[in-house]
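The values are calculated or read from the model by the stated rules, or taken from the named source; none is laboratory data. Only a predicted model underlies this, so the values are computations on that prediction, with no experimental measurement involved. Every residue, glycine among them, receives a Cβ derived from its backbone with ideal geometry; neighbour counts consider all protein chains shown.
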Amino acid sequence: MGCFTCTGKSDKEPNGKTDINNKYPRNQVKRKKNPEKQPPSEKEKLDPFRCIKQAESKEEVSKDKKSHFDANDLELKDIYKDGKSVGKHAQIFTFNELAAATGNFRADCLLGEGGFGKVYKGNLEKINEVVAIKQLDHKGLQGTKEFVVEVATLSLVDHTNLVKLFGFCAERDQRLLVYEYMPLGSLDTHLHDLPPNRKALDWNTRMKIAAGAARGLEYLHDKLKPPIIYRDLKCSNILLGEGYHPKLSDFGLAKVGPSGDRTHVSTRVMGTYGYCAPDYAMTGQLTFKSDIYSFGVVLLELITGRKAYEPFKGRKEQYLVAWARPMFRDRNQFQLMVDPKLQGQYPVKGLYQALAIAAMCVQEQPNMRPIISDVVTALTYLSSQSYNPGALSSQSSRSSPLRATGKQTEERVSI
């Protein structure tokens, strides 16, 4: 699913993304003849996210000029801290190198495709790695600005729950990104529309994925300086490695978070139907709590097996949060919310706790949502409580008093 605005009428940006704030034509700015590019100041050099801020503040490049951009124009090498480069700078690959790695982008190397373009599996001899190569569609949803932001962000971050970027290619109209290969694909392919030969994720794996994704988001919010708002958290952007190890991917919409006395970042509303926080959709004021809402939706998907947005369902069931919110108020409904594919194999107490976390994350008022460190603490504990259905049935068979009276214990979790 591509990126769209979350509500209301919209106008289209030149790169195909939707922008509900773009109601007026852009001012035409005449360029000076023979402009001389000024070197960055010492203060600018000390800002490791300078190129991300530049990308956010620049006007979109017109389509007729976009084809003349190459790697030297993208300003991706000006990332400094204390006068020295930081992070693992992305390598620059040639188009021919990436074409050779994928057998000239053969159909049997295709891993998937979306609104942004296509992703291929390749063997890149230059670095001796099996990689995933995203070839952006010229008319797709990811424009030059988003391309720059993603390369700059992933060149600086380093965390076990964030996908690794090896490098990129920017030759004239070609835009390609080279990532580490994640053999199990994206989370959504393990939750929704499963093929007959694919086994559904068990409860322990789902909680492990939720905890790992939360740790990746915590790194962006709390560990990076300045912090980053992800803005595009969804199941299709959570990639799975061996052992279902989750990593966040696709940082084209990432924004540098507010600092000092600022409480939010004002920006055009971008996101995906069903994941976008209502407060951000209505005001354009982006906060860290916007990511928390999106995370709550992902956690609900893991618990229920339902999609965040299903346009072909009845009106009350199209949006996962709208469907779930009335059920949060009735504990008797909790077990009706569980993914049927789990076939009853889940801990009742763990279910109540997971639903409590999800309910807090998708609160309508952003100040009522928890901070990400609290979410990580709760999910780390929850994922450590391994569920063993065999041991549980053996234990319940010995608890004769409960079986004789037919009574069932009820875990009480306040939501």
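Some observations on this one:
- Matching residues, region 203-247, being of a type in the set (K, R) and touching an Asp or Glu at 6+ places or on another chain (Cβ under 9 Å): R206, R231, K234, K247
- Within region 133-188, being in contact with a Leu (Cβ under 9 Å, 6 or more places away or on another chain), more than 15 Å from D250 (Cα to Cα) and not in a loop (DSSP other than H, G, I, E, B) holds for C169, A170, Q174.
- Scanning region 248-262 for residues that are charged (D, E, K, R) and either crowded, with 23+ Cβ neighbours inside 10 Å or not assigned by TED's automatic domain parsing to the domain that holds Y230 (or both) yields one hit, D250.
- Filter pass, K307 being within 17 Å of G274 (Cβ to Cβ), among the basic types (K, R), in contact (Cβ under 8 Å) with a residue 60 or more places away in the chain and not in a helix (DSSP H, G or I): yes
- Answer from P196, P183, P226 - the residue that is within 27 Å of L351 (Cα to Cα) and not charged (D, E, K, R): P196
- Where Q335 falls short, out of the listed (1) closer than 23 Å to Y273 by Cβ; (2) surrounded by fewer than 17 Cβ atoms within 10 Å (Cβ to Cβ): (1)
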